[in-house]
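The values are calculated or read from the model by the stated rules, or taken from the named source; none is laboratory data. Values in this document were obtained by computation on a predicted structure and should not be read as measured data. Cβ sites come from the backbone with ideal geometry, for glycine too, and all protein chains shown count toward neighbours.
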């Protein structure tokens, strides 16, 4: 769905159709209805002043969503402060300590930043009729995951077959495969945090040392995937959508996705949103991000994983039931300081 089409569709009532739930029914009633996701046609209009802190993400696609919401709700005075997700999370905590509340809603591209704010006791509880729309395993009382991303092993299909790739991320440290990685990238650091929580400090440090012997460093994970496709390395570490986006523009790209099992190598992380101020407006704003229109748009254009039940996965991604991610409370990924200290101590940062 192209940007202009999406904005016009979301802004216009009824243009994308409605689910079989009368628009006049209350949102509380919808908690007993299994017909998710809801359509924007079933939501109340947004009116009043709302300040959103927005972590930059997805090449402006989140901005397209916000523009569409504004167009549909002309009585909404939406003010946006943009910045890196980590910096905005720290600002929210610092402002609260100073007795100031500037943000009503925080939309972060990484759940670790959500955890930082939530652990500070600043998030408002969300109603069950909102959180119950989310897939099992992604229902939290104080924040709503918006879309997900899986850690994957993009590999060069000329140099490897999937059968040659270990299904344990830990085993890669002892392999002779050439690897592309981006240690300074936030998603990679969240992945290492998950490994540290699951495997312990020593095992993670040993893994980092082992990988670094055969690794080539890149500035970001799109760069990793492009290097894999060019054959500079055998495989890499990256979120799933970089590979899917590359293949959407280059269908014959020599790259495919492999997945590890039950370890940090297939961690499912998420962008997320939470309410910082009381009242209906922040919560109803969050409802818009859970709608069929927004979830489908982000799945189609950003290749992110919709986390509301009933929305089709991005093309090229296997069913989530076939992936075996580890059990990790995503908010625990906020504990980045020990991870950065560990990465520096072994010389990868």
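Quick rundown of the values:
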| item | result |
| --- | --- |
| Residue tally, condition under 21 Å from residue 278 (Cβ atoms) and either in a helix (DSSP H, G or I) or touching a strand residue (DSSP E or B) at 6+ places or on another chain (Cβ under 7 Å) (or both), over the range 95-114 | 11 |
| Hits in the range 63-82 - residues which are over 19 Å from residue 102 (Cα atoms), under 19 Å from the mean Cα position of the chain (by Cα) and surrounded by fewer than 17 Cβ atoms within 10 Å (Cβ to Cβ) | 63 |
| Filter pass, residue 335 being surrounded by fewer than 22 Cβ atoms within 10 Å (Cβ to Cβ), over 17 Å from the mean Cα position of the chain (by Cα) and under 17 Å from residue 112 (Cβ atoms) | yes |
| Matching option when the condition is within 29 Å of residue 221 (Cα to Cα) and at pLDDT 85 or above, among 38, 52, 46 | 52 |
| Considering residues of the range 160-182 that are surrounded by fewer than 21 Cβ atoms within 10 Å (Cβ to Cβ), in contact (Cβ under 8 Å) with a residue 60 or more places away in the chain and touching a helix residue (DSSP H, G or I) at 6+ places or on another chain (Cβ under 9 Å) only, the residue farthest from residue 326 (Cα to Cα) | 165 |
| Residue within the range 126-144 that is surrounded by 15 or more Cβ atoms within 10 Å (Cβ to Cβ), under 20 Å from residue 221 (Cβ atoms) and not assigned by TED's automatic domain parsing to the domain that holds residue 239 present | no |
| Flag if residue 315 is surrounded by fewer than 16 Cβ atoms within 10 Å (Cβ to Cβ), assigned to a loop (DSSP other than H, G, I, E, B) and out of contact with any strand residue (DSSP E or B) (no Cβ under 6 Å at 6 or more places or on another chain) | yes |
| Answer residue from the range 303-312, given it is part of a loop (DSSP other than H, G, I, E, B) and modelled with pLDDT of 90 or more and is farthest from residue 135 (Cα to Cα) among those | 303 |
| Which listed residue, of 274, 235, is touching a helix residue (DSSP H, G or I) at 6+ places or on another chain (Cβ under 7 Å), closer than 21 Å to residue 125 by Cα and crowded, with 20+ Cβ neighbours inside 10 Å | 274 |
| Members of the range 184-207 that are assigned to a loop (DSSP other than H, G, I, E, B) and modelled with pLDDT under 95 | 184, 185 |
| Criterion violated by residue 92 - all others in (1) over 21 Å from the mean Cα position of the chain (by Cα); (2) over 24 Å from residue 310 (Cβ atoms) satisfied | (1) |
| Test result for residue 286, assigned to a strand (DSSP E or B), at pLDDT 95 or above and under 20 Å from residue 132 (Cβ atoms) | no |
| Matching residues in the range 117-167 - criterion: being farther than 30 Å from residue 276 by Cα and in a strand (DSSP E or B) | 152, 153, 154, 155, 156 |
